[in-house]
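*Asks:* Pasting in a structure now, in structure tokens, and then I'll have a few things to ask.
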Amino acid sequence: MSPAQISQAIQDSSFFTGLRESGLPYPIVLSTHLTCIAIFGGLILMSDLRLLGVALTKVPVSEILLRSRPWKRLGFVIMVSCGILLAGSKFASYYDNPYFQIKMCLLVLVGVHAIVFHRSVYANPERLDNFKVMPRAAKAAACVSLALWLGILSMGRWIAYFDRPEEHPKRHAVSSSLH
């Protein structure tokens, strides 16, 4: 089977068809996905800005990172779960969408980011409380995190604006018929 056939089969499964064609569940999943993006994104932004030393500087880094960690994890799980439901419901139109592909690659890079900076930044945030100026690793982790999540948000939004070239007549054919 080709990727197009596989993605069409996933989209056409009874589960994803039922979700996509539902009156209420699909909008609830979409709204939940967006709500989790807002909450999760706000927590990530707050943590990253603190690591950069530009916001919440009177609050210890460890307090922000440790108190927000369970909420970030919960928000991430719900956000990704809803994202899988949304993507599966329209997978035939998403699988070859370059913005969707970039978004998926960026999500993988978020995992790489977590692994790379785990030991130096995230595993022991209490250690960061002792620095007057954040170490380079913490600032790098924050910058990379901000870039990745801004990219993910942008690509997620741009998915809707991708038009397959074969779905639309060529422009020169239309303009030549007008002459």
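*Asks:* With every atom except the alpha carbons ignored, what do you get for Rg and Dmax of region 1-87, in angstroms?
*Replies:* So, for region 1-87, Rg and Dmax equal 18.1, 57 Å respectively.
*Asks:* For the chain, what does the relative contact order come out to in percent, with C-alpha contacts under 8 Å and a separation of six or more?
*Replies:* On the way: 150 pairs, mean separation 52.7, N = 179.
It rounds to 29 percent for the chain.
*Asks:* Based on the Cα gyration tensor of region 21-72, what are the three equivalent ellipsoid semi-axes, each the root of five times an eigenvalue, rounded to whole Å and given largest first?
*Replies:* Taking √(5λ) for each Cα gyration eigenvalue gives 32, 10, 6 Å.
*Asks:* If you roll a 1.4 Å probe over the heavy atoms of the protein chains, what accessible area per residue do you get for the chain, in Å²?
*Replies:* 63
*Asks:* Full-extension gain between VAL77 and PHE131, please, as 0.36 nm times their residue separation minus the C-alpha to C-alpha distance. Let's see the in-between values first.
*Replies:* Details: separation 54, 0.36 × 54 = 19.44 nm, distance 3.20 nm.
Stretched fully, the VAL77-PHE131 segment lengthens by 16.2 nm.
*Asks:* Which percent of Cα-Cα pairs in the chain sits in each 10 Å bin, short to long?
*Replies:* For the chain, the binned pair fractions read 9, 29, 27, 18, 11, 4, 1, 0 percent.
*Asks:* Moving on to the next point. With a cap of 10 neighbouring Cβ atoms within 10 Å, and only residues DSSP puts in a loop, list the trypsin sites (Lys or Arg not before Pro) found in region 1-85. Walk me through the numbers on the way to the answer.
*Replies:* Values: sites: ARG20, ARG50, LYS58, ARG67, LYS72, ARG73; in loops: LYS58.
Loop-located and lightly packed - LYS58.
*Asks:* Same structure again: Give me the angle, in degrees from 0 to 90, between the Cα long axis of helix 25-52 and the longest principal axis of the Cα atoms of the chain, rounded to the nearest 10.
*Replies:* 30
*Asks:* Probe radius 1.4 Å, ligands and nucleic acids ignored: give me the carbon and sulfur share of the accessible area of the chain as a rounded percent. Could the numbers behind the result be given before it?
*Replies:* On the way: 7550 of 11220 Å².
Using a 1.4 Å probe with all protein chains present, the chain comes out at 67 percent carbon and sulfur.
*Asks:* Which angle from 0 to 90°, rounded to the nearest 10, does the C-alpha axis of helix 61-89 make with the longest principal axis of the chain?
*Replies:* 10
*Asks:* Send over the per residue convex hull volume for region 114-169, Cα only, as a whole number of Å³.
*Replies:* Values: hull volume 5.9 nm³, N = 56.
About 105 Å³ per residue, rounded to a whole number.
*Asks:* Calculate for the chain the 222 nm mean residue ellipticity that helices alone would give, adding -39,500 (n - 2.57) per DSSP H run of length 4 or more and normalising by residue count, nearest 500 deg cm²/dmol. List each step's numbers first, then the result.
*Replies:* Numbers: 9 runs with 134 residues, N = 179.
Only helices count here, giving -24500 deg cm²/dmol.
*Asks:* I've got another one for you. Counting other C-beta atoms within 10 Å, and keeping those with at most 14, which DSSP coil chymotrypsin sites (Phe, Trp or Tyr not before Pro) do you find in region 60-159?
*Replies:* Here the sparse-neighbourhood loop sites are PHE131.
*Asks:* Moving on to the next point. Enumerate the lysines that LYS103 could reach by cross-link, defined here as Cα to Cα under 25 Å, with residues fewer than 8 away along the same chain left out.
*Replies:* Result set, ordered by chain and number: LYS72, LYS90, LYS139.
*Asks:* Please give the Cα centre distance for region 1-50 versus region 100-128, rounded to the nearest Å.
*Replies:* Cα centroid to Cα centroid, the span is 22 Å.
The values are calculated or read from the model by the stated rules, or taken from the named source; none is laboratory data. Keep in mind that this is a model prediction, so the values were computed, not measured. Ideal geometry is used to build each Cβ from the backbone, glycine not excepted, and the neighbour counts take in all protein chains shown. Side chains are part of the model used for accessible areas, which takes the heavy atoms of the whole protein and leaves out ligands, DNA and RNA. Shrake-Rupley method; radii C 1.70, N 1.55, O 1.52, S 1.80 Å.
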